[in-house]
1. Output the qualifying pairs, or none if there are none: Cβ atoms under 8 angstrom, residues six or more apart or on different chains, first residue in the stretch 52-71 and on the phi > 0 side of the Ramachandran plot and of a type in the set (D, E, K, R), second residue surrounded by 15 or more Cβ atoms within 10 Å (Cβ to Cβ) and modelled with pLDDT under 90.
2. When the stretch 47-63 is examined, which residues are found to be part of a loop (DSSP other than H, G, I, E, B) and either crowded, with 23+ Cβ neighbours inside 10 Å or touching an Asp or Glu at 6+ places or on another chain (Cβ under 8 Å) (or both)?
3. Evaluate the following for E90: is it at pLDDT 90 or above and surrounded by fewer than 15 Cβ atoms within 10 Å (Cβ to Cβ)?
Amino acid sequence: MSRCVSAPDNRVVVFLHSGEYDRVHQGLSIAAAAVAAGRRAEVYLFWWALERFLMDRLDEPDFTGREDICDRFESRRMPTIRALLEHVRETGLGTLAGCTGSLGALGGEPKAGDSGIDLWLGWSAILQRTAGVTDRFYL
């Protein structure tokens, strides 16, 4: 008797809640590594991470109280959040999604194209889209 075995879901999913620069940078670094390896990457933005994107604070590293890290980022020419996001987008393998509940809590309304966000979803849709994905990162 032959059994049909489905291939494992090869996507990488990153859930970003914190808007701190280091966490958002790390999440997009994970997504950039995934797409560089030919895998699909989905980045979901909640609360303060979503706010960072809506406020377009993607270029300047801001490590509160750690100016030495900011200087090191610049001297080593480390990519900004925006540069990482552009890499993910250029491959065609990345999706940036915003949470409608978080947007509502922040006082906004979902609009197509807000800060480059590809789609707006609530938790029911997010859970459906990410079901079966084993490579999940929460930051």
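1. Here the result reads D56/S115, each pair linking the stretch 52-71 to a residue that is surrounded by 15 or more Cβ atoms within 10 Å (Cβ to Cβ) and modelled with pLDDT under 90.
2. P61, F63
3. For E90, the condition - at pLDDT 90 or above and surrounded by fewer than 15 Cβ atoms within 10 Å (Cβ to Cβ) - is met.
The values are calculated or read from the model by the stated rules, or taken from the named source; none is laboratory data. Being a predicted model, the structure only gives us computed values, none of them experimental. So basically every Cβ, Gly included, is an ideal-geometry build from the backbone, and we count neighbours across all protein chains shown.
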